[in-house]
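Here's the structure we're looking at; comments come further down.
The values are calculated or read from the model by the stated rules, or taken from the named source; none is laboratory data. Just so it is clear, the structure is predicted and the values come from calculations on it, not from any experiment. Positions of Cβ are backbone-derived with ideal geometry, glycine not excepted, and every protein chain shown enters the neighbour counts. Heads up: the accessible areas ignore ligands, DNA and RNA and are worked out on the full protein's heavy atoms, side chains in. Shrake-Rupley method; radii C 1.70, N 1.55, O 1.52, S 1.80 Å.
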Amino acid sequence: MKTKQLGNSDLSITPVGFGAWAIGGSGWEFGWGDQDDKASVAAIHRALELGINWIDTAAVYGMGHSEEVAAFALKTWRGPRPYVFTKCGLRWDEQGRVHGNLNADCIRRECEDSLRRLNTDVIDLYQIHWPTEELEEAWSAMAQLQKEGKVRWIGVSNFNVEEMRRAQAIAPITSLQPPYSLVRREVERKLLPYCRVHEIGAIVYSPMASGLLTGAMKRERAAKLPESDWRSRDPEFREPKLSQNLALVERLREVGERHGRPPGQVAIAWALRNPAVTGAIVGARNAKQVEGNVGAAELHLSEEEVAKIEGKNDKEREPVIAVANS
């Protein structure tokens, strides 16, 4: 796969990265239900075999478990080591409930814990998971970790434009990680244009809307999602939005059939076509899912196909690339 430079860093990343949220397993507030670790390791290995060169995880995913699984997968991987990205700022209690904490001392402890779990001396990209009122203190702590060589580059996730401006007044931002999919397009108006103008890399998450746009999520399956799967509480997986989203999947399926590709690949390719997007984080729970998604990096959609995917009412809608709030 071709690679693109991530923001102001020396990292050249593939258009698709391996997302390790779901492989954290269950037992915490935003888990995806039970997950087999062997399947997770096989998924990571298959992604690397197919050319993906970065893994995105977070301390909170499975309360440290995702980082540990990723570390084991890399320990047993004989090829080139991929970049490893992780995040801080979300902590958990004994019941698995999640809360934000961007206190400088907490960030430092989190970094040390992630380095240990990942079995590495340095993290390639360290990101604040969600902003809080402690933003300035947190970003100063991130910049200090970078100076000390514990992390190579620092980025943010789920920040808005004003929050990025506040961080940039302290130290440069390498990347932003926002949600972006056909279901969630709000970042097109301000965030992605801001990143493009200021040369901040954008690695978007949930391009398949947390599995909703893969083609495998049927009405019956959505109704039977276990309580241990956070998606059972997501309005996008319930009526009235569910019917709209399943109709979108059928449009993705129809376009995908022209290329011999599944709906999920088309959804990822749609997100990647925005010129501000450096790469997309694509989660997978087994090797088969990886194989079904990775081809999105080479899938190019025509304007006619994009119009069809977005629906007749959105036919004139294009990715927003104009300068906004710069």
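When region 81-99 is examined, which residues are found to be assigned to a strand (DSSP E or B) and either in contact (Cβ under 8 Å) with a residue 12 or more places away in the chain or β-branched (V, I, T) (or both)?
Of everything in region 81-99, those that are assigned to a strand (DSSP E or B) and either in contact (Cβ under 8 Å) with a residue 12 or more places away in the chain or β-branched (V, I, T) (or both) turn out to be Y83, V84, F85, T86, K87, C88, L90, R91, W92, V98.
So, in region 66-80, how many residues would count as being surrounded by fewer than 23 Cβ atoms within 10 Å (Cβ to Cβ) and either part of a helix (DSSP H, G or I) or touching a Gly at 6+ places or on another chain (Cβ under 9 Å) (or both)?
Within region 66-80, residues that are surrounded by fewer than 23 Cβ atoms within 10 Å (Cβ to Cβ) and either part of a helix (DSSP H, G or I) or touching a Gly at 6+ places or on another chain (Cβ under 9 Å) (or both) number 5.
Does region 33-53 hold any residues that are outside any helix (DSSP H, G or I) and surrounded by fewer than 24 Cβ atoms within 10 Å (Cβ to Cβ), and which are they?
Selection gives G33, D34, Q35, D36, L50, G51, N53.
Of the numbered conditions (1) over 18 Å from P179 (Cα atoms); (2) surrounded by fewer than 21 Cβ atoms within 10 Å (Cβ to Cβ), P263 fails exactly one; give the number of that condition.
Going through (1) over 18 Å from P179 (Cα atoms); (2) surrounded by fewer than 21 Cβ atoms within 10 Å (Cβ to Cβ) one by one, P263 breaks only (2).
Working carefully through the options L145, L191, L115, L135, find the one that is closer than 30 Å to V41 by Cα and either open to solvent by less than 10 Å² (accessible area, probe 1.4 Å) or in contact with a Pro (Cβ under 9 Å, 6 or more places away or on another chain) (or both).
On the way: L191 fails: closer than 30 Å to V41 by Cα; L115 fails: either open to solvent by less than 10 Å² (accessible area, probe 1.4 Å) or in contact with a Pro (Cβ under 9 Å, 6 or more places away or on another chain) (or both); L135 fails: closer than 30 Å to V41 by Cα.
Just one listed residue meets the conditions, L145.
Evaluate region 2-14: report whether one residue or more is more than 14 Å from the chain's Cα centre (by Cα), more than 24 Å from P131 (Cα to Cα), modelled with pLDDT under 95 and not in a strand (DSSP E or B).
yes
Give region 255-282 a look and list any residue that's of a type in the set (S, T, N, Q) and either within 24 Å of G7 (Cα to Cα) or outside any helix (DSSP H, G or I) (or both), or say none.
N274, T278
Pick out, from region 111-184, the strands (runs of 3 or more DSSP E) lying fully within it that include 2 or more residues that are closer than 30 Å to Q244 by Cβ and in contact with a Phe, Trp or Tyr (Cβ under 8 Å, 6 or more places away or on another chain).
175-177
Between a first residue in region 141-159 that is closer than 13 Å to L102 by Cβ and among the hydroxyl-bearing types (S, T, Y) and a second residue that is open to solvent by 20 Å² or more (accessible area, probe 1.4 Å) and assigned to a strand (DSSP E or B), which pairs have beta carbons less than 9 Å apart while being 6 or more apart in sequence or on different chains?
Final answer for the pair search is S157/Y205.
Could you grab me the full set of residues in region 15-24 that are in a loop (DSSP other than H, G, I, E, B) and in contact with a helix residue (DSSP H, G or I) (Cβ under 6 Å, 6 or more places away or on another chain)?
P15, A20
Considering only region 59-73, state which residues are touching a residue at least 40 places away in the same chain (Cβ under 8 Å), out of contact with any helix residue (DSSP H, G or I) (no Cβ under 6 Å at 6 or more places or on another chain) and over 14 Å from R109 (Cα atoms).
Hit for region 59-73 is A70, nothing else.
Of everything in region 185-217, what is farther than 26 Å from R261 by Cα, touching a strand residue (DSSP E or B) at 6+ places or on another chain (Cβ under 9 Å) and not in a loop (DSSP other than H, G, I, E, B)? Give them in sequence order.
E186, V187, L191, L192, Y194, C195, R196, G201
Residues are listed down the side, and each one gets a yes or a no for (1) more than 16 Å from Q127 (Cβ to Cβ); (2) among the aliphatic types (A, V, I, L, M); (3) over 20 Å from the mean Cα position of the chain (by Cα); (4) open to solvent by less than 10 Å² (accessible area, probe 1.4 Å):
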site	(1), (2), (3), (4)
I170	no, yes, yes, no
R196	yes, no, no, no
A202	no, yes, no, yes
Y205	no, no, no, no
A216	yes, yes, no, no
A223	yes, yes, yes, no
E227	yes, no, yes, no
D234	yes, no, no, no
K241	yes, no, yes, no
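Evaluate region 245-254: report whether one residue or more is touching a residue at least 24 places away in the same chain (Cβ under 8 Å) and part of a loop (DSSP other than H, G, I, E, B).
No; the residues of region 245-254 include none that is touching a residue at least 24 places away in the same chain (Cβ under 8 Å) and part of a loop (DSSP other than H, G, I, E, B).
Name every residue in region 266-294 that is open to solvent by 50 Å² or more (accessible area, probe 1.4 Å) and either over 24 Å from P178 (Cβ atoms) or of a type outside the set (K, R) (or both), in order of residue number.
Hits for region 266-294 are P275, N286, K288, Q289, E291.
List the pairs whose first member sits in region 173-196 and is under 23 Å from W21 (Cα atoms), whose second member is of a type in the set (F, W, Y), and whose Cβ atoms are under 7 Å apart, counting only residues at least 6 apart or on separate chains?
Hits for this filter: T174/W153; L176/F159; Q177/Y205; P179/Y205; L182/W270; V187/Y180.
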